[in-house]
Structure formats: structure tokens, C-alpha cells
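The structure is given below, and queries will be raised subsequently.
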Amino acid sequence: MSTKAAPLVHTRSHALQQRAERYFPGGVNSPVRAFRAVGGAPPFVERAEGAYVVDADGNRYIDYVGSWGPMILGHAFPPVVEAIERAARNSASFGASTASEADLAERIVACYPAIEKMRFVSSGTEATMSAIRLARAATGRKIIIKFEGCYHGHADGLLVKAGSGVATFGIPGSAGVPEEIAGLTIALPYNDLGAVEAAFAAHPDAIAAIIVEPIVGNAGCIPPHLGPAGFAPELVDRMHRQQRKAWEATVGPADYLAGLRLLTRQYGALFICDEVMTGFRVALGGACELYSLDPDLVTLGKIVGGGLPVGVFGGKQKYMDMLAPLGPVYQAGTLSGNPLAMAAGIATIGYLQEHKTEVYSRIEATARAVFDGVSQEAQKANVVLCGNRVGAMWTWFFTGGPVRNYEDAAKSDTAAFGRFHRAMLDRGVWLPPSQFEAAFLGTAHGEAEVQATIEAAKEAFRAA
């Protein structure tokens, strides 16, 4: 079979991009859409259905972006579309409470035991920003620990060694973030429990919370360390020996995350799991279910709204009741709990609940087939490639690996990834346009899409 892809016509997309550049910085409303990390001009999407997106020139692509994760049931999933249409007939927004907010909340609580109460917001950034404000109020402390390569939205204090677009463009943080704010965030390497222990030892009464992507998705997919926890030997005496011994005797498979939970409890800090990306994707109860986690606060994102703009922060009642109007922590949003997003969320989460076994076994098997198949083609073509996968999210890194943290991910050959991305796009496969983003699939992907993707990769590697 020829390794040369038939050229795709992008005439209309190019014209739309030129028009967009007159109105938006870089012609986009989110930096990663600009394709600067992979080269070429971005196709403009006109419609999508199931596992496919179609651009303005009529080119059809197998979609492994899935609106950056939430399209677990495929694009334009009929029950979701119907739910949105029904809700829209009653108006798109009221700025007042509706019964649908509690209807969706009941479903979320059923899947996330750690969430006793919650607030709906309109984005993941709002969710993480609000969770951190709440953690600072609950502890009376200022410092936050995050991890290098983890992206928790674009709030000022979280753009410190962030991943995703920040990593793609090589920006250490962001202009416009005052040093005084950045100085309240400690960024540590992911999967290094000793570094966290050292930070707590240095600031035992100043750290308000740890916020973590339990499975990193914004430096590429990086799972938590599953081996021994790795507390720094020189700091053993700083931990209560009895507590440590009990933990080591009972710890489950997610040693790194369990270690973070232990340290936050020991030092009186809150543990925030940012599941904007992993929530309802790696399991019905997200990473919290997968790794038996009991965080103080959890953040969720667009999958909760079936792909519509929505976010959630929730957790233990004693913390959530600190929010206005019950408590002193102010947080608000005119469009929070938007009825269209609530309707889409009820349809999406309801379907996942009712078809849990079928959905998660199916997307696990499909993702494994795609991930392994492309990896094998790279090996046959002598292309240096490694990868990480958890359920239906994964990343192929153009490095020898293994990739355990952002420092490892940063060794990837981004130019090689860019060539691979362009070659796959030319062959009708749409991957995230950054080496530092996870890929996703959903129930709409099947054997035909798997085989077409592997064949496209085979040709792409030969053409490289």
C-alpha cells in the first residue's frame, strides 16, 4: 500500500482561519486549537457524529479528541441531543434555581461518595479556583502544592509549571501573573512522594492543600506510581511512625496517591482531586473509584454536562457549608447550573450509570486495541515511541521512555510528534494537536475505526 496520503482540500478552512485572525488572537479562542505545536493550519469543524468530525471542506476524520474528553458516548449522542432540545424549548437560561440541578447532583453523588455537597460552575477553571479558595478558608493557610505538568485551569496561582498549552508553547508560567501570587504555589515533580514530604517538612503549618490530577492528562497521560511509595529516608522521623506503619500495611495499589492522602491528613491540609479530565472516564466514579481515594474536595468538568460548558467542585459537607450563603467563602456564577447543561448531564451520566459494565468494558477494549496496534506499528518501523494508557485515555510519547512525570515527557521529540500528527490528519485521523495532551475515545469507536487508525499509523510511520 502506498505511504503517500491523498491530499486533503482545506480551502474553506484556510479562508475561515484568515477571517478568524481578524477577530481573535491567533485566530482562536483557546491556544491549543491553533496547531502551532504540530504545524499547519487547523481545520474548522462543521459538524460531528459518533466517532467522526467533519470539517468545513467536507473532510471526515476519526476523532480522538472528543471535545477534550467529554464525548464518551460519541458526538451528537441522540438521548443527549433530545434532552438539550427539550430543555431549550423552556428557555436556555433563567438565572434561577431549577429541579434539574438536584436531579444531576443526585447522580453525581451516587457515583462519588466523597462528594457530599457540590456547586455547579461553568468551567473546570472555575471549579479548581473555587476549590482552592475554599481550602485556604478552611485551613487559614495560603500555600498550595501542585505538580509539574498538571494543568488545573488558567487561574493565576495555577499557571506555575502547568502542562497542556503552557507546556506546548514552552511558557514557564504566564505573563500577567504577579510574583506574589505565583509565590504561593509550590510546584513539585509528579510521582515523587519524597519531594512532597520535604515540602511539608519545610512548611508544616503553611500548606492549605494539595491539588493533583490523579492521572495526569495535561502533560500527556501519566498514571500514578504503583510501586512502593518512596518516602525520603532522611525524613522518616518527621512522620509519626505508628501512622506510617499502619499505612504501609494497608495501602492499596495507588501508593503515590495514598501517600499524598496520608501526608495531607498528617499536616492538616486538604486533598483536592482534579478529575476534570478523568471523572466518569476512567471509571464511573473516576480515579476516586479506580484508586479507592477519599479526597476532601473533587473537581469535575465538561463530561458532567455532556460536553456543554459546566464544572463542579464538591466534597465533604463541613467544607462545602463554608460557602455563601451559609458561610464566609464567596463564590457565584450567573449561569451556574445552566438548564441545558443539566439536561445534557442527566442524559449522559444516567446512560453511564445504566450501562456501566457495557460502556467501560467496551471503551477499555477499544482503547487497548488502538494503543497497542499503533505502538506495534511504530516498533515495526523502528520509530522511537513509548506510551501510557489508563482506560480510554492515553498518549504516545516520541521518546524511549518510560514517562513517569513531566520531566520525562519533556524529553519527547515534539518535531517527530508534529510530523506524525500531520500525517495522521492527512489520513483521516484527528489526534490532539500537542504532544502534551491525552487522546480519548468513546463508545462510538469500533473495530472499523481501530483498523483504520492502525493502518493510517502504519503508513504515517513509513512516510516519516
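Inspect all residues belonging to the stretch 1-17 and state whether any of them is basic (K, R), under 22 Å from G418 (Cβ atoms), over 27 Å from the mean Cα position of the chain (by Cα) and exposed (fewer than 15 other Cβ atoms within 10 Å of the Cβ).
Checking the stretch 1-17: at least one residue is basic (K, R), under 22 Å from G418 (Cβ atoms), over 27 Å from the mean Cα position of the chain (by Cα) and exposed (fewer than 15 other Cβ atoms within 10 Å of the Cβ).
Just to be sure I understand the filter: pairs with C-beta atoms under 7 Å, separated by 6 or more residues or on different chains, first member in the stretch 312-325 and part of a helix (DSSP H, G or I), second member small (G, A, S). Which pairs pass?
Y319/A138; M320/G314
To continue, here is another question. All but one of (1) part of a helix (DSSP H, G or I); (2) of a type outside the set (S, T, Y); (3) touching a Phe, Trp or Tyr at 6+ places or on another chain (Cβ under 6 Å) hold for G387; which doesn't?
(1)
A quick yes/no check of all residues on (1) of a type in the set (K, R); (2) at pLDDT 95 or above; (3) under 30 Å from G95 (Cβ atoms):
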position: A343; (1), (2), (3): no, yes, yes
position: K356; (1), (2), (3): yes, yes, no
position: V370; (1), (2), (3): no, yes, no
position: V384; (1), (2), (3): no, yes, no
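Might you check whether a residue that is within 26 Å of F147 (Cβ to Cβ), modelled with pLDDT of 95 or more and in contact with a strand residue (DSSP E or B) (Cβ under 9 Å, 6 or more places away or on another chain) occurs anywhere in the stretch 331-341?
no
Is it the case, given these coordinates, that T278 is of a type in the set (V, I, T) and part of a loop (DSSP other than H, G, I, E, B)?
So T278 fits the description; yes.
Look at A416 and say whether it is in contact (Cβ under 8 Å) with a residue 60 or more places away in the chain and more than 20 Å from the chain's Cα centre (by Cα).
When the stated conditions are applied, A416 does not pass them.
Among the residues of the stretch 433-443 satisfying the criterion of being of a type outside the set (F, W, Y) and surrounded by 23 or more Cβ atoms within 10 Å (Cβ to Cβ), which is nearest to P223 (Cα to Cα)?
It comes out as A438.
Can you confirm whether N405 is of a type in the set (S, T, N, Q) and in contact with a Pro (Cβ under 6 Å, 6 or more places away or on another chain)?
Answer is yes for this residue.
Out of all the residues in the stretch 34-60, which are within 27 Å of P78 (Cα to Cα) and out of contact with any helix residue (DSSP H, G or I) (no Cβ under 7 Å at 6 or more places or on another chain)?
Answer for the stretch 34-60, where residues must be within 27 Å of P78 (Cα to Cα) and out of contact with any helix residue (DSSP H, G or I) (no Cβ under 7 Å at 6 or more places or on another chain): V45, E46, R47, A48, E49, G50, Y52, V53, V54, G58, N59, R60.
If only one of T443, T453, T399 is farther than 24 Å from E358 by Cα and modelled with pLDDT of 95 or more, which one is it?
One residue alone meets the criteria, T399.
To continue, here is another question. Being out of contact with any Leu (no Cβ under 6 Å at 6 or more places or on another chain), within 29 Å of T128 (Cα to Cα), among the hydrophobic types (A, V, I, L, M, F, W, C) and not in a helix (DSSP H, G or I) is the requirement here; does A332 meet it?
Judged against the criteria, A332 is a match.
Quick check on the stretch 399-416. Is at least one of its residues touching a helix residue (DSSP H, G or I) at 6+ places or on another chain (Cβ under 6 Å), surrounded by fewer than 23 Cβ atoms within 10 Å (Cβ to Cβ) and either more than 22 Å from P70 (Cα to Cα) or among the basic types (K, R) (or both)?
No.
May I pose another question? Can you tell me which residue in the stretch 270-318 is farthest from V212 (Cα to Cα), limited to those that are surrounded by fewer than 24 Cβ atoms within 10 Å (Cβ to Cβ) and of a type in the set (S, T, N, Q)?
So, considering only residues that are surrounded by fewer than 24 Cβ atoms within 10 Å (Cβ to Cβ) and of a type in the set (S, T, N, Q), the one farthest from V212 (Cα to Cα) is Q317.
Show me the helices (runs of 4 or more DSSP H) entirely contained within the stretch 183-275 in which 2 or more residues are modelled with pLDDT of 85 or more and closer than 19 Å to L134 by Cα.
By residue number, 255-267.
Only one of these is more than 23 Å from the chain's Cα centre (by Cα), in a helix (DSSP H, G or I) and crowded, with 21+ Cβ neighbours inside 10 Å: A367, A378, A344. Name it.
Answer to the selection: A378.
The values are calculated or read from the model by the stated rules, or taken from the named source; none is laboratory data. Source: prediction; values computed, not measured. Positions of Cβ are generated from backbone atoms using ideal geometry, with glycine treated the same way; all protein chains shown enter the neighbour counts.
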